[in-house]
Amino acid sequence: MEDTEKIVEEAVKEAEAASDSRALYEVKMKFLGRTGKVTALLKGMREIAAELRPAFGKKVNELREALEAKFAAREESLKRKEMEEKLAGENLDVTMPGRRRAAGALHPVTRVKNQLIDIFAGMGFEVYEGPEIESDYYNFTALNTPADHPARDMQDTFYVTEEFLLRTQTSAGQIRVMEHKKPPIKVLSPGRVFRSDDDATHSPMFHQMEGLVVDKGITLCDLQGMLDEFARVMFSETSKTRLRPSYFPFTEPSVEVDVSCAACGGKGCSLCKGTGWIEVLGAGMVNRRVLENCGIDPEEYTGFAFGMGIERIAMLKYGINNIKLLTENDVRFLKQFQE
Amino acid sequence: MLIPLCWLKDYVEIGVSAEELQNKLFSCGFEVEELTRLGKDVTGVVAGRITKCEKHPDADRLTVCKVDCGKYGEKQICTAATNVFEGALVPCALDGATVLHEGGIQKIKNGKLRGVASEGMFCSGEELGINDDFYDGAEVNGILILREEDAVLGQDIREIVGLDDWLFDIAVTANRPDCQSVLGMAREVAAILRTPLKFPALDFTPVKTDVKIPVTVKEPALCPRYVGHFVTDVKIGRSPQWLRRRLALCGIRSISDIVDITNFVLLEMGQPMHAFDRSYLRGGEIVVRRAEAGEKIVTLDEKEFTLTPENLLVCDRERGVALAGIMGGLNSEIKPDTTEVFFEAAKFARDSVRKTSRALGQRSESSARFEKGVDASTPEIAMKRALHLVEELGCGKPTDYGTDVLNADLTPKIVTTDCAQINALLGIEVPEEEVIAVLTRLQFAVHKDGKNGKLVVGVPLWREDVDGWADLAEEVIRSYGYEHIQPAFLENATVTRGGLTTAQKQELKFKNVLARQGFYEACNYSFSSPRDFDLLRFPADAPERRAVTIRNPIGEDLSVMRTTLIPTMLQNIVRNVRRGNESGGLFELANVFLAEELPLKALPDERKTCVIGLWGEGDFFDLKGATEAIAEAFGLNLTYEKGSKPFLHPGITAIVKLGEKEVGYLGELHPEIAAELALEKKVYLCELDYRALSKKFAKDITYRNPNKFPDVERDIAVVVAEEVTCAQVRECILHACKAAKEAELFDVYRSDKLGKEKKSMALRITFSPDEKAEKPLSPEAVDGFFNKILGNLKYKLGAELR
């Protein structure tokens, strides 16, 4: 058995020389394979005297185990080396631009509408959408604006027939809601409205968002509190509102609501024309006659309503300077409103 | 409405600046849209006396004058004007002054005219921006010559000619017609400044007359009050400067003293008036009646109108003499030789005036006031005021004959309320003294009931807008100040559940699905042009042509409510391409309006519809990918069949079906229409009936346990005739074998080898083991499925394995 030491020495030498796992495999086969040197030793056992065989067998086994360990160690180190080499070859320029899937976007009016709904939904408002072609009754008469009322001149109405018209205000939805639902009511009514007005600052179609609250003990203070919260979320954490007297046939008292200019913080700038305030919406306490028209007892319930132009809010929020851009649908414009 | 500050000051003492007054009016509900400093462009112009006139040494047409400008000293001014003379009092624009010149502002500087120094310029009326109504002589051709008694040397010219004033342009809300006059605004200002109102003089001394001019009102509802008065010994002349100046400030030209008085009272009290020449009133009486059909009248502006019984007419015994509330008739107008006048101050119903004014297209200061509402108490006061002015101006003698046909209730409305009620609406505690003080300042008669503590409030007759305690609450808070409101957050309200309904959430999701597919949401007007139907080649009887039409559209292009969203989408694409956006995708989700009957007898069906447009890059299948994404997102089983639409490519059009129901279509824009619109690249369009789709939207997620054993995929390629569609092959595969769950086309191949009119289609079939299966699908079982499928394809579609 003078060979074993030599065999180990030889195997280690050849294993070290193997430059990759494939070469190592061949070395392994040369010693441990079916025709390998160690296998040959085992095969030669028959020629050895019987009393020497156990000792011989043990020695060969030890030799085999020793070789297997050596090969395994060598294999391990080769694999590591190969992985390192492979990774070194896969060097990416991580500063190259990423590849993006081209997504579209929702229209800014939809975006702002969703934001408004989010704000008021959290306060317990439901959303109701009424028809865009309305009857004169819902758009005017039920809103305390009978046929000879001068307030009808406040809005230029598109008529379809004597009785039907394109709604001029989402307030029409108020009546439809109150006819079917009894207080407590908190409802938002967004949608398209139409006025026969087409110039640099007016569009014959735009979107309004109407809000209505009817319950016991609702006051003007509640109206301002809610609008303050709206202004803070929509514009800036420090936004404030200001009420000033106005007139709408379906509210009494009626107010115009200004929001402190978010661009200058109320100091006065070109956006707010130096006043520090921006006119944002109209509001008021629901007129008692409107409640009566809907079968709600004005002695028991009070409420407030507010209405705002969604385009106006979007224009203020994003600094869009021309209302017409919102209906041109130029993709370069729309692209900027991606999520 | 224009209100000159000087006129306002006639009735109320104003101790604050014009800007302060503007702010106070603003917080009380009167927005001053524009506050104009009159004569702000005329500066540095003073009164001067010409002491010496000499001919210019080198210019025949120029005169060199020495002028005494009082505290500004003596100036030498060269002028080309020919009406100057020694001793004349003239406006002198000194060095640095500004005057008006050809619509702009001219700056005056010291200079030399033909070598002679000139330290300023004499001004004409035009350069000061005035006419004769402001200052007599302003319209002469030459320099304005001032009257001795009007000016002090060196005095600012604006004080002399009536330009030293402010003009308030006030937006009066529709509920306050009582403020459509100087006196009406003065009443508000007096309340705001807490000073007394000085009411204009109404007294006059009537002369006796035997003349009677009876008035008959046949339509009391349309004419609730008619006050008339007879004035005799009229001598028509010119109004005094002060009166003409007032009218001019409000943009009304002086005509003659009698007519000016009616206009003055209109501006002062908001009461339209009319003056008839009594000698032309046939039969010497007035009848207020509806016009007969076809009856004609020529108004003061010489326009002839043919009337209907809708129009109220003021008549004499025989014919119309005034279009009630709108304009007088030419046949009875005041002429230079008029000697007897019958004044009218009436209330005509606002709706009647409005209808007639709209129908005839005839408007006036008078009709504008009646349309907003004139209260029934004012005609009588306005008449007295007019008669006072006749006497003051000396242009006639008011007689003792007056008539008043009253069909309105002049008892003041009484509103009973208390502070608690008002404060409950406002949400704050306004002290009772304050409530009473505010209302009293606004001339409400407040009486506190000693027994129950209620406030019994008499409403002034001119406040027809006030009819309940909520109106009083508004009066209180707008005077007390909105800054007293303490923002609260629904302290007493019930908690309610808010948020979107499932349907509303799904709509938003639908939009988001399309946006994620690369489409931008568009927003178009709901109306479009009727010519679009021709562009899209709709046949004459196509349902799309049955559109709801707007009676008073902005223009023909915006006159019909959309019945399809395709035309506006095409406009968007054309605009984008023209602006260099060579490719893109848009969608819109909006209503189309479908009428049961035209003209409308009931509200039309507003059907929510989705349109998708794709142009430039991408093809039919990119668009179809979008509809597939929708189907996937909402669990819809949409199928596609070849179809046709008049505006789509005949070979590239698919009808989209949900079950048996057609829910939309998609395809390529017809190349002919594309050429017409100059669209060079292909355009693909899709329209889906959103409402029909939404009815079948999966309500919630349907869960199924995953199979224990894996699916097995197997590819099949078959050669079929060209006309065989992918859908047919797929359906054939899925029908042949229950285990085949899906068959997806991944390749189509054509070649000469396959033969003409043949194609090879390759599909990947997914087989799933039965849910209850105990073992995975064996290769042998899949072979069996495969052969069954192949057999079916051969039998049904004549397919051959490739």
**OP:** Would you mind listing how long the protein assembly as shown runs along its three principal axes, going by Cα atoms, in whole Å with the largest first?
**Re:** 168, 76, 75
**OP:** Scale the Cα Rg of region B:614-716 by the rule-of-thumb value 2.2 N^0.38 Å and send over the ratio, two decimals.
**Re:** 1.35
**OP:** Report the FRET efficiency, 1/(1 + (r/R0)^6), for residue B:717 and residue B:602, where r is their Cβ-Cβ distance and R0 is 56 Å, rounded to 0.05.
**Re:** 0.45
Original post:
Taking only DSSP H segments of four or more residues, each worth -39500 (n - 2.57), what value at 222 nm results for chain A once the sum is divided by all its residues, to the nearest 500 deg cm²/dmol?
Top reply: -12500 deg cm²/dmol
Original post:
For region B:421-559, what is the largest minus smallest coordinate of the Cα atoms on each principal axis, given in angstrom and ordered from greatest to least?
Top reply: 79, 40, 25
Subject >> Cβ-based exposure ranking for B:801, B:594, in which fewest neighbours within 10 Å come first >> reply: B:801, B:594
Original post:
Once amide H atoms are built 1.01 Å from N in the peptide plane, which residues 5 or more positions from residue B:520, or in another chain, come under 5 Å H to H?
Top reply: A:105, B:585, B:586, B:587
Original post:
So what's the angle, to the nearest 10 degrees on a 0 to 90 scale, between helix A:108-121 and the longest Cα principal axis of chain A?
Top reply: 80 degrees
**OP:** Restricting things to alpha carbons, tell me how big region A:2-89 is in terms of Rg and Dmax, in Å.
**Re:** 15.6, 58
**OP:** Go from 0 up to the bin containing the longest alpha carbon distance in chain B, width 20 Å each, and give me the % of pairs per bin.
**Re:** 12, 25, 26, 20, 12, 5, 0
Original post:
Using the Karplus equation 6.51 cos²θ - 1.76 cosθ + 1.60 (θ = phi - 60°), what ³J(HN,Hα) coupling, rounded to whole Hz, does each residue of region A:256-262 give in order, writing x for Gly and Pro?
Top reply: 9, 10, 9, 10, 4, 5, 6
Subject >> Rg/Rh ratio calculated on Cα atoms of region B:103-197 (Kirkwood radius) >> reply: 1.16
**OP:** Take the Cα atoms of region A:164-240, find their three principal axes, and give me the spread along each one in whole Å, biggest first.
**Re:** 39, 38, 16
Original post:
Along region A:169-183, what does the Karplus equation 6.51 cos²θ - 1.76 cosθ + 1.60 (θ = phi - 60°) give for ³J(HN,Hα), rounded to whole Hz, x for Gly and Pro?
Top reply: 7, 6, 4, 3, x, 3, 5, 4, 5, 5, 5, 10, 10, 9, x
**OP:** Using the charge dipole of chain B (Lys, Arg: +1 at Cβ; Asp, Glu: -1 at Cβ; taken about the Cα centre), state which of B:239, B:470, B:367 has its Cα farthest towards the positive end.
**Re:** B:470
**OP:** Would you kindly calculate the translational diffusion coefficient of region B:1-111, applying Stokes-Einstein with the Kirkwood radius from alpha carbon pairs, for 25 °C and a viscosity of 0.890 mPa s, and quote it in µm² s⁻¹ without decimals?
**Re:** 142 µm²/s
Original post:
Given a Förster radius of 30 Å and the C-beta distance between residue B:766 and residue B:725 as r, what FRET efficiency does 1/(1 + (r/R0)^6) yield to the nearest 0.05?
Top reply: 0.90
Original post:
Non-local amide H neighbours of residue A:168 (under 5 Å, H modeled in plane, Pro and chain starts lacking H): which ones?
Top reply: A:194
Original post:
What ranking of B:253, B:545 emerges when the number of other C-beta atoms within 10 Å of each C-beta is taken as an exposure proxy, fewest first?
Top reply: B:253, B:545
Original post:
Using Cα pairs under 8 angstrom and six or more residues apart, how large is the relative contact order of region B:305-384, in percent?
Top reply: 30 percent
**OP:** Would you mind pulling out the separation of the Cα centroids of region A:20-58 and region B:544-616, in Å?
**Re:** 89 Å
Original post:
If r is the Cβ-Cβ distance from residue B:801 to residue B:534 and R0 is 45 Å, what FRET efficiency results, to the nearest 0.05?
Top reply: 0.30
Original post:
In whole Å, how far is the Cα centre of region B:637-671 from that of region A:67-81?
Top reply: 66 Å
Subject >> Using alpha carbons only: equivalent-ellipsoid semi-axes of region B:659-753, gyration tensor based, whole Å >> reply: 34, 26, 12
Subject >> Relative contact order (percent, whole number), chain B, Cα cutoff 8 Å, 6+ residue spacing >> reply: 8 percent
**OP:** Please state, as a whole number in µm²/s, the translational diffusion coefficient that the Stokes-Einstein equation yields for region A:108-337 at 25 °C and 0.890 mPa s, with Rh defined as the Kirkwood radius across alpha carbon pairs.
**Re:** 135 µm²/s
Original post:
Rounded, prolate or oblate: which one fits region B:256-370, using the alpha carbon gyration tensor with axes a ≥ b ≥ c (rounded when a/c is under 1.5, else prolate when a/b beats b/c, else oblate)?
Top reply: oblate
Subject >> Cα-centre dipole for the protein assembly as shown with unit charges at Cβ (Lys and Arg positive, Asp and Glu negative), debye to 20 >> reply: 3620 debye
Original post:
Residue-wise, which Karplus ³J(HN,Hα) couplings in Hz belong to region B:723-740, taking 6.51 cos²θ - 1.76 cosθ + 1.60, θ = phi - 60°, and x for glycine or proline?
Top reply: 6, 5, 9, 4, 4, 5, 4, 4, 4, 4, 5, 5, 6, 6, 8, 5, 6, 6
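The numbers here are math on the coordinates, done by the rules we state, and not lab data. Because the structure is predicted, anything quoted here is derived from the model rather than measured. A quick note on method: Cβ atoms are made from the backbone with ideal geometry, for glycine too, and the neighbour counts reach across all protein chains shown.
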